[in-house]
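K.L.:
Shown below is the structure under consideration.
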Amino acid sequence: MKLVNFHTHLPLSNNQTGLINHPVQLDFLPKPGQYYSAGLHPWDIPDEGSNELLKQLARLANHSQVLAIGECGLDRSIETPIDLQQAIFAQQIELAEKLHKPLIIHAVRTYSDLLQLKKSSRSTVPWILHGYSGNAETTRQLIKQGFFFSFGAALLKSQTKLNQSLLLVPSDRLFFETDESTVNIESIYIFAASLFGKTVNELQSTVFENFQRIIKR
Ligand SMILES: [Zn+2]
């Protein structure tokens, strides 16, 4: 059984599986045996318009090694107008839906936007909040709306708030990731397993099953 590193910007080692993030504006040079997610990140929305990039994404998303759409999403900490971000995100939701591929979501101060969006959306693919950092109340609401959660290195900073959120997440909606950090994914599993009072092996196999179930090869 491989160790799942759900979302990373770095190559995965042989004992790991997961999705390597591919920003659509870069050349796609897939390595054999590796899997990717491809998307247009809200930070990368160009001033001159996103039509070309979205077309490129629609082509790339069919690639057999691209197994999810993202990271894409909404970020209220940047200057790009939120309605523009929403329009571009909506197109990526549609693409994910059309191809039956899950969505990997970047969210900064936009969990309530996402709750509304998912409530009113007819999307049926899994929506995974990567680098999750919401509080317990937000987590409860997101769980009710069917979201999946991927926790990263922030967990290791021993934020009580985030630890509480982690413990609320149903085991079949859970992932771990390193994202851009060089932290070992192993250390995140060890920390989380101790919080759950599970063995590291149990937690690893739970997450592996989740990965197999929602990420279709
Ligand atoms: Zn990322």
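Residue-wise test of (1) away from the ligand (no atom under 12 Å from the Cβ); (2) in contact (Cβ under 8 Å) with a residue 60 or more places away in the chain; (3) part of a loop (DSSP other than H, G, I, E, B); (4) not hydroxyl-bearing (S, T, Y).
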| position | (1), (2), (3), (4) |
| --- | --- |
| N14 | yes, no, yes, yes |
| I20 | no, no, no, yes |
| D27 | yes, no, yes, yes |
| G33 | yes, no, yes, yes |
| A38 | yes, no, no, yes |
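Every residue, every condition in (1) charged (D, E, K, R); (2) open to solvent by 20 Å² or more (accessible area, probe 1.4 Å); (3) under 15 Å from A38 (Cβ atoms), yes or no:
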site: A61; (1), (2), (3): no, no, yes
site: I69; (1), (2), (3): no, no, yes
site: P81; (1), (2), (3): no, yes, no
site: Q92; (1), (2), (3): no, no, yes
site: L117; (1), (2), (3): no, yes, no
site: S120; (1), (2), (3): no, yes, no
site: L129; (1), (2), (3): no, no, no
site: T139; (1), (2), (3): no, no, no
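K.L.:
For segment 128-139, state whether one or more residues are within 16 Å of the ligand (Cβ to nearest atom), part of a helix (DSSP H, G or I), of a type in the set (A, V, I, L, M, F, W, C) and modelled with pLDDT of 95 or more.
P.N.:
No - not one qualifying residue is present in segment 128-139.
K.L.:
Restricting to segment 178-213, what's the tally of residues that are assigned to a helix (DSSP H, G or I), open to solvent by less than 80 Å² (accessible area, probe 1.4 Å) and either on the phi > 0 side of the Ramachandran plot or not charged (D, E, K, R) (or both)?
P.N.:
Within segment 178-213, the first condition is being assigned to a helix (DSSP H, G or I), and the residues that meet it are 185-196, 200-213.
Cutting the leftovers down to open to solvent by less than 80 Å² (accessible area, probe 1.4 Å) gives us 185-189, 191-193, 195-196, 200, 203-208, 210-211.
Filter again for either on the phi > 0 side of the Ramachandran plot or not charged (D, E, K, R) (or both), leaving 185, 187-189, 191-193, 195-196, 200, 203-208, 210-211.
So the count comes out to 18.
K.L.:
Pick from segment 1-12 the residues that are within 16 Å of the ligand (Cβ to nearest atom) and either of a type in the set (S, T, N, Q) or part of a loop (DSSP other than H, G, I, E, B) (or both): which of them is most open to solvent (accessible area, probe 1.4 Å)?
P.N.:
P11
K.L.:
Also, I was wondering about something else. Does segment 91-116 hold any residues that are of a type in the set (A, V, I, L, M, F, W, C), in contact with a strand residue (DSSP E or B) (Cβ under 8 Å, 6 or more places away or on another chain) and part of a helix (DSSP H, G or I), and which are they? Before you say what the answer is, go through the steps one by one.
P.N.:
Narrowing segment 91-116 to residues of a type in the set (A, V, I, L, M, F, W, C): 93, 95-96, 99, 103-105, 107-108, 114-115.
Now narrow it down to the ones that are in contact with a strand residue (DSSP E or B) (Cβ under 8 Å, 6 or more places away or on another chain): 93, 95-96, 99, 103-105, 107-108, 114.
Matches in segment 91-116: I93, L95, A96, L99, L114.
The values are calculated or read from the model by the stated rules, or taken from the named source; none is laboratory data. Computed from a predicted model, the values in this text were never measured in an experiment. Every residue, glycine as well, gets a Cβ built from its backbone with ideal geometry; the counts of neighbours run over all protein chains shown. SASA here: full protein model, heavy atoms, side chains in, ligands and nucleic acids out. Shrake-Rupley method; radii C 1.70, N 1.55, O 1.52, S 1.80 Å.
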